[in-house]
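K.L.:
My structure is below; once you've seen it, I'll send some questions.
We did not get these values from a lab; they are worked out from the coordinates using the rules stated. Predicted model only: the values in this text are computed from it and were never measured. Heads up, the Cβs are rebuilt from the backbone with ideal geometry, glycines too, and the neighbour counts pull from every protein chain shown.
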Amino acid sequence: MPKVFEKSLREVAEEIEKITLSRENGIHVAKSLRMRRGDSLIVSDGEGRDFCCEIEQTSPEVVLKVLFVAPTDTEPEVYITLYQGVPKGDKFAQVVKQCTEIGVSEFVPVIMARSISRPDEKTAAKKVERWRKIAHEAAGQSRRGIIPKVADMMSLEDSVKKLSGDRAIVFYESGGEGLKDILNDFKRENVHSADIFIGPEGGFEPSEVEALKNAGARVATLGRRILRTQTAPLAASANIIYELSSP
């Protein structure tokens, strides 16, 4: 069943009987998805509530009949913030799309020492806006209950200031603790959030790893193979969600 997000529903009570979709969502549902009267559709408020609906009309506006409201059951039990070293080309867009599908809740693009891409302020703002749209689309496609946040681009120094203590994990190509050992500690401490750091092409400078360690982060390895910068966050987040979710 297709799913769209309507931010206007965040202040709406569950007793609502009708929903009129925004123009953008209406065009998407009627033109792109080619849905018709009687078809079923899920509309989410983006904060964990799903309105399960039936389409009543598609022109001139898309109007839905609300059948029932329920909490979203597709969100992972762990909140992952991904601090990704900004890669070149369109790789960050790929990371946002696929990690949204997996269950990452927040993305922070970080300019690191070995980042090849170093856009100016205007270009960076355009890129971030595009990444936010990609997160929105991927959240609907994968039936997420929230739209993941995409932060403005920042330096590694600024990202260190945002760390949540020993819940941060740096995935270092030169080795570290086994991820399973770290996550076993998280489970014993009933931790349900993680900040994960992935380097850009070429990985981290040793000084960057030291700065993160000094801020409380733990250094982990994803195995003996060296993963691409757009592959590593998929492997890391999938493992974290699996290990920290209830059976």
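K.L.:
GLU77 is checked against (1) in contact with a His (Cβ under 9 Å, 6 or more places away or on another chain); (2) surrounded by 13 or more Cβ atoms within 10 Å (Cβ to Cβ); (3) among the acidic types (Asp, Glu) and fails just one. What number does that condition carry?
P.N.:
The one condition GLU77 does not meet is (2).
K.L.:
Please specify each residue of the stretch 199-226 satisfying the condition of being in contact (Cβ under 8 Å) with a residue 40 or more places away in the chain and farther than 16 Å from GLU177 by Cβ.
P.N.:
Correct list: GLY199, PRO200, GLU201, GLY202, GLY203, GLU205, SER207, GLU208, ALA211, ALA215, ILE226.
K.L.:
Checking ALA113 against (1) surrounded by fewer than 18 Cβ atoms within 10 Å (Cβ to Cβ); (2) free of Cβ contacts under 8 Å to residues at least 60 places away in the same chain, only one condition comes out false. Which one?
P.N.:
(2)
K.L.:
Can you tell me which residues in the stretch 21-43 are surrounded by 15 or more Cβ atoms within 10 Å (Cβ to Cβ), not in a loop (DSSP other than H, G, I, E, B) and not aliphatic (A, V, I, L, M)?
P.N.:
Result: ASN25, GLY26, HIS28.
K.L.:
Now, a different point. Got a sec? Which helices (runs of 4 or more DSSP H) wholly within the stretch 136-247 have at least 2 residues that are more than 20 Å from the chain's Cα centre (by Cα)?
P.N.:
Correct list: 156-161, 179-188, 206-214.
K.L.:
Can you pull out the residues in the stretch 117-131 that are surrounded by fewer than 17 Cβ atoms within 10 Å (Cβ to Cβ) and part of a helix (DSSP H, G or I)?
P.N.:
GLU121, LYS122, THR123, ALA125, LYS126, GLU129, ARG130
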